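Let me begin by presenting the structure, written as structure tokens, before commenting on it.
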């Protein structure tokens with residue numbers, strides 16, 4: 001899963017019922033993945049339009065159907081990511097070709113608006129500066145991503161040959177990905193296959209959903225455990 005939108009460009013979203021009455025800066029933060037402080041700065045700089053116009057009030061609450069357009073700054077893509085030893089990575093495997101890390105929830109994978117020096121990439125460059133020339137300049141060594149709030153293992157390429165091989169393997173679906181998730185409700189069958197295209201939700205563009213406009217996807221699932229009522233989540 002992706003960890004956020006592009007670091008520059010224009011993003012336009014229609015406000016779904018779930019965000020009716022929410023503050024503009026909070027919605028900008030949700031759409032772009034930037035912090036609330038960075039979102040407020042975008043609004044103050046006139047980079048956020050509501051229904052085609054710059055908001056005249058300091059505090060704006062949105063309504064269902066409002067159209068929000070956000071202009072993201074381009075500086076994030078022009079400057080290469082810098083090493084930051086303060087970002088400590090949990091390495092579970094390392095050899096001369098690849099690095100496998102255990103990404104915790106809350107950690108963004110590569111620089112994006114609001115997260116320029118506190119990402120996996122910044123920590124990676126601190127321990128392997130040579131990776132700066134591997135793959136894409138803004139996300140060196142990164143061959144796949146996890147959402148900011150998703151934890152799990154990530155494989156990072158340490159040289160161009162490994163990068164090309166891993167990217168090709170992912171493209172040809174020769175890599176199996178296993179996720180553990182907490183879901184609402186109990187499936188009718190304890191195991192099965194969900195085969196349906198996944199794309200942006202029409203009701204909430206900030207979420208993914210089954211969509212005829214989405215990309216083909218096949219998910220094999222197996223229920224590990226069920227609960228009778230609410231349980232604590234850690």
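So here's what we get for this one:
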read-out	value
Which listed residue, of 126, 196, 137, is touching a residue at least 12 places away in the same chain (Cβ under 8 Å) and surrounded by 15 or more Cβ atoms within 10 Å (Cβ to Cβ)	126
Where residue 202 falls short, out of the listed (1) part of a loop (DSSP other than H, G, I, E, B); (2) modelled with pLDDT of 85 or more; (3) surrounded by 10 or more Cβ atoms within 10 Å (Cβ to Cβ)	(2)
Per-region count, the stretch 147-160, residues in contact (Cβ under 8 Å) with a residue 40 or more places away in the chain, touching a helix residue (DSSP H, G or I) at 6+ places or on another chain (Cβ under 9 Å) and not in a strand (DSSP E or B)	2
Condition check for residue 183: touching a helix residue (DSSP H, G or I) at 6+ places or on another chain (Cβ under 8 Å) and part of a loop (DSSP other than H, G, I, E, B)	no
Scope the stretch 178-199; condition closer than 26 Å to residue 136 by Cα and at pLDDT below 90; matching residues	198, 199
Subset of the stretch 21-53 (residues that are exposed (fewer than 14 other Cβ atoms within 10 Å of the Cβ) and within 12 Å of residue 67 (Cα to Cα))	51, 52, 53
Selection status of residue 163, outside the structural domain of residue 107 (by TED's automatic domain parsing), in contact (Cβ under 8 Å) with a residue 24 or more places away in the chain and surrounded by 15 or more Cβ atoms within 10 Å (Cβ to Cβ)	no
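The values are calculated or read from the model by the stated rules, or taken from the named source; none is laboratory data. Just so it is clear, the structure is predicted and the values come from calculations on it, not from any experiment. Backbone-built Cβ (ideal geometry, glycine too); neighbour counts: all protein chains shown.
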